[in-house]
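Encoded as structure tokens, the structure appears first; notes follow it.
Where a number appears in this text, it was derived from the coordinates with a stated rule and is not lab data. As the structure is a computational prediction, the values presented were derived from the model and not from experiment. Note that each Cβ is placed from the backbone with ideal geometry, even for glycine, and that neighbours are counted across all protein chains shown.
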């Protein structure tokens with residue numbers, strides 16, 4: 001009788017584990033299948049899924065060095081490109097919380113060297129959500145601030161300069177202090193002198209890979225595209241950002257509220273909400289957040305599903321030359337995760 005009771009209690013514990021493992025198998029197999037397929041474009045990078053701050057799936061596929069066939073590892077460091085802008089947005093909002101700047105104040109207040117009249121109408125808010133209309137510091141605006149959307153690096157380069165002017169510290173120092181606080185130990189600002197274990201980026205032409213020899217990154221673009229990180233560190237970032245550990249409720253809401261509209265193929269053909277360098281998406285009945293990055297031989301995707309506290313991080317050290325396949329595998333993997341969550 002004692003054995004029978006013990007046996008039943010063990011079964012009651014194991015059954016949910018077995019069921020969960022069985023239900024997770026198709027989910028894992030689909031992701032593995034997408035990553036393994038060479039058509040229409042190969043995958044070369046790291047995929048991570050975490051829930052509640054704990055890693056549920058992590059795998060590296062492909063090479064950090066194609067010539068010598070050196071495989072990627074899950075803790076390798078990648079250029080995260082425009083994902084860097086989200087970090088800059090948080091640093092700007094933290095300065096606003098301290099009273100060092102105001103989001104609705106024209107940029108001339110912080111960058112008096114600007115000569116164009118638009119410096120008196122473009123505010124930090126417009127820089128943060130890419131509705132500023134600036135195409136060149138010496139040219140008139142493309143559109144009235146707030147009336148349209150145009151994504152680019154320029155506004156976040158300006159935000160980096162504003163951070164330096166208002167804080168008295170370099171962008172690298174501000175970002176480095178934040179990474180240290182969050183224990184993002186393998187995340188740093190790009191430097192030609194110190195690139196740690198940063199993998200090389202490659203351009204992919206019909207699955208023939210050419211190494212990017214000369215990165216366009218330098219000190220001037222760090223706040224727009226110059227952060228180096230890992231999948232695991234970006235999962236830590238998501239836990240801090242979306243759990244309200246980085247900003248007060250007021251500024252958290254400002255960042256994660258749609259103040260513009262923008263379309264990106266990873267999230268479908270329709271325009272979705274856009275906050276302070278974060279996309280606010282509703283798909284298959286789920287609300288979630290996303291940020292993408294592309295360039296310099298790298299492709300990145302960072303998605304967070306708040307209802308299930310789940311992050312999907314994809315980092316590749318390859319970028320297709322054919323724009324038809326930009327973020328192609330990222331979108332496919334995201335859809336598998338989305339459908340799995342929506343089906344629960």
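The length gained by stretching the chain between residue 286 and residue 148 to full extension, at 0.36 nm per residue less their Cα-Cα distance, is 47.1 nm. Over the chain, DSSP H runs of length four or greater, each weighted -39,500 (n - 2.57), average out per residue to a 222 nm ellipticity of -11000 deg cm²/dmol. Label point of residue 38 set 7 angstrom out along Cα-Cβ; within region 47-82, amide nitrogens under 19 Å from it belong to 61-72.
What does the highest-first list of 259-272, 281-294 look like by mean Cβ count within 10 Å?
Working: 259-272: 15.6, 281-294: 18.0.
With the highest mean Cβ count within 10 Å placed first, the list reads 281-294, 259-272.
Return a whole-number percent for the relative contact order of region 99-200, with Cα pairs under 8 Å and 6 or more residues apart as the contact set. List each step's numbers first, then the result.
Working: 106 pairs, mean separation 19.8, N = 102.
With pairs under 8 Å counted, the relative contact order is 19 percent.
Across region 251-341, Cα pairs under 8 Å and at least six residues apart give a relative contact order of 19 percent.
Compared with the direct C-alpha span, the chain from residue 75 to residue 216 gains 48.4 nm at full extension, assuming 0.36 nm per residue. Here r is the Cβ-Cβ distance between residue 207 and residue 111 and R0 is 51 Å; the resulting FRET efficiency, rounded to 0.05, is 0.70. Separation of region 77-99 and region 258-284, taken as the distance between their Cα centroids, equals 19 angstrom. The slack between residue 271 and residue 104, meaning 0.36 nm per residue of separation minus the straight C-alpha distance, is 57.6 nm.
Distance between the pseudo-spin-label points of residue 325 and residue 56 (7 Å out from Cα toward the beta carbon): 3.0 nm.
Comparing 238, 195, 277 in a Gaussian network model of the chain (Cα springs below 10 Å), the most mobile by mean-square fluctuation is 195. Once you keep just the Cα pairs under 8 angstrom separated by 6 or more residues, what percentage relative contact order results for the chain? Relative CO of the chain lands at 23 percent. FRET efficiency for the residue 342 to residue 138 pair, using the beta carbon distance and R₀ = 41 Å, is estimated at 0.30. Each of (i) 62, 41, 33; (ii) 83, 54, 38; (iii) 84, 48, 38 is a candidate for Cα extents along the principal axes in Å; the one calculated from this structure is (iii).
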